[in-house]
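Note sheet for the following structure.
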Amino acid sequence: MDVSLCDRCGFDANAIAERLALVGLNRPGMDGQGRALQDHVIRPNTDDIVDRLYNSFARIEEFSRVVDEHSSAERIRERQKRYLHGLGIDFEGRRYFEERLRIGSVHQCVGVSQSLYQCTFQVLQNLLIEHIPQEIRDDEAAFAEMLQFILKITALDMSLAVESYCTARVSRLKKTIESERGETSRLRKIAVTDSLTNLHNHSYSRHCLAAALQEANSDESPLCVVMADLDHFKDINDAYGHLVGDDVLRMTAGRLTAGARGDDAVCRYGGEEFLFILQNADLAGGMEVAERVRARISDDVMHSGDMTLTVSISLGVAQARESDTVNSLIERADAALYAAKRAGRNCVRAEN
């Protein structure tokens, strides 16, 4: 359900009364001045006021651009007539406030600058004053009352238009910021994610490992890494094609993630090689995770289209030492991985 502009701008009954008092429209008899303005100034001179109001802005490039892009001269004139015929009528009601707030919001949405919009009220004031008939001018008190009412009612309308103009602009800016945040988040995810497997990519895996090493050294907690490599993956690509190979990598990523613990980082380190970062895990804990992952890969066949494939994986586990860098820890896990390959593949080996 759409929120009204009165609600959006905070105009409940109290706020309406406060705004009327602020511009001096809360005195008794003001509604009668509104009807007099219509009967003696606006209704008899609507076409002339609208023509002159329109022509005063038609020479401005910004105004002409908005007309060309969003409306037509005839439609704008009709809107100006409707606006004038409501000016000062029932201005104490919520409906009057809602309509005037809508005007400012619409002008912001179509790209009319606030400065240009505010200038229209000064031009309108002059036109309304100019059209006060002579019989009212001859009555000094009546003329003063009419003049004051014109200034006050146009001040009210301008304040409401500016209020909703700014609210609409802030809302638009918030949406823009939210959109940019979403785009930034999307780009950040792309930058750290392997597009095929949706795992962390190579560069981000090294960043994560560096942070994990620093944390492990800081709080003296254990840290393990697991290097894993699909067995005979090149044979799969050669026999079935790279599209099937891609399917195998995606399914492998899913099983690796399922076999890891909830907080473990699972990364595609390159090609068919994967890296696990296991915080708060000693060598025995790392071996347990690696064996669970190995079983998930090899115990169930994989399906790619009509083909059924048996896939296995070899894994090497190393525990971080205080002197380790990212490279030294990965090298030891790599050495353990190659030990698993030499042992016949489809197995787990720990560093020596």
(message) Filter segment 124-174 down to the residues that are out of contact with any helix residue (DSSP H, G or I) (no Cβ under 8 Å at 6 or more places or on another chain) and among the basic types (Lys, Arg) and list them by number.
(response) LYS174
(request) Would you mind finding the one in LEU160, LEU156 that is within 30 Å of PHE57 (Cβ to Cβ), in the same structural domain as GLY88 (by TED's automatic domain parsing) and under 32 Å from the mean Cα position of the chain (by Cα)? (result) LEU160
(request) Looking at (1) loosely packed, with under 11 Cβ neighbours inside 10 Å; (2) over 20 Å from CYS9 (Cα atoms), find the lone condition where PHE149 falls short. (result) (1)
(request) Take segment 114-123 and flag every residue that is in contact with a helix residue (DSSP H, G or I) (Cβ under 6 Å, 6 or more places away or on another chain) and under 19 Å from ASP48 (Cα atoms). (result) PHE121, VAL123
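Condition check ((1) out of contact with any Cys (no Cβ under 7 Å at 6 or more places or on another chain); (2) more than 18 Å from ARG332 (Cα to Cα); (3) modelled with pLDDT under 95) across all residues:
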{"site": "TYR240", "(1), (2), (3)": "yes, yes, yes"}
{"site": "GLU272", "(1), (2), (3)": "yes, yes, no"}
{"site": "ALA281", "(1), (2), (3)": "no, no, no"}
{"site": "VAL289", "(1), (2), (3)": "yes, no, no"}
{"site": "ASP300", "(1), (2), (3)": "yes, yes, yes"}
{"site": "GLY305", "(1), (2), (3)": "yes, yes, yes"}
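Quick grid of which residues meet (1) under 35 Å from the mean Cα position of the chain (by Cα); (2) in contact (Cβ under 8 Å) with a residue 60 or more places away in the chain; (3) part of a helix (DSSP H, G or I):
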| site | (1), (2), (3) |
| --- | --- |
| LYS234 | no, no, yes |
| ASN237 | no, no, yes |
| ASP247 | yes, no, yes |
| ALA258 | yes, no, yes |
| LEU275 | yes, yes, no |
| LEU278 | yes, no, no |
| ALA290 | no, yes, yes |
| THR308 | no, no, no |
(request) Among the helices (runs of 4 or more DSSP H) lying completely within segment 75-140, list those that include at least 3 residues that are more than 39 Å from the chain's Cα centre (by Cα) and of a type outside the set (Phe, Trp, Tyr). (result) 114-130, 134-137
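GLU178 - would you say it is within 30 Å of ALA265 (Cβ to Cβ) and not assigned by TED's automatic domain parsing to the domain that holds ASN327?
yes
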(request) Return yes or no: is ASP263 out of contact with any Ser or Thr (no Cβ under 9 Å at 6 or more places or on another chain) and either in a helix (DSSP H, G or I) or not assigned by TED's automatic domain parsing to the domain that holds VAL311 (or both)? (result) no
(message) I'd like the full set of residues that are among the small types (Gly, Ala, Ser) and surrounded by fewer than 22 Cβ atoms within 10 Å (Cβ to Cβ), limited to segment 152-168.
(response) ALA155, SER159, ALA168
(request) Please specify each residue of segment 207-232 satisfying the condition of being more than 18 Å from VAL289 (Cα to Cα), assigned to a loop (DSSP other than H, G, I, E, B) and touching a strand residue (DSSP E or B) at 6+ places or on another chain (Cβ under 8 Å). (result) ASP231
(request) Working only within segment 124-135, note down all residues that are crowded, with 16+ Cβ neighbours inside 10 Å and either touching a residue at least 40 places away in the same chain (Cβ under 8 Å) or more than 22 Å from ASP48 (Cα to Cα) (or both). (result) LEU124, LEU127, LEU128, HIS131, ILE132
(request) Have a look at LEU315, LEU337 and point out the one that is farther than 14 Å from GLY254 by Cα, assigned to a strand (DSSP E or B) and touching a Leu at 6+ places or on another chain (Cβ under 7 Å). (result) LEU315
(message) Checking the structure you have, find out if any residue of segment 314-322 is farther than 18 Å from ASP247 by Cα, aliphatic (A, V, I, L, M), without any contact (Cβ under 8 Å) to a residue 60 or more places away in the chain and crowded, with 20+ Cβ neighbours inside 10 Å.
(response) no
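The values are calculated or read from the model by the stated rules, or taken from the named source; none is laboratory data. A quick note: this is a predicted structure, and the numbers were derived from the prediction, not measured. Please note: Cβ atoms are built from the backbone with ideal geometry, for glycine as well, and neighbour counts cover all protein chains shown.
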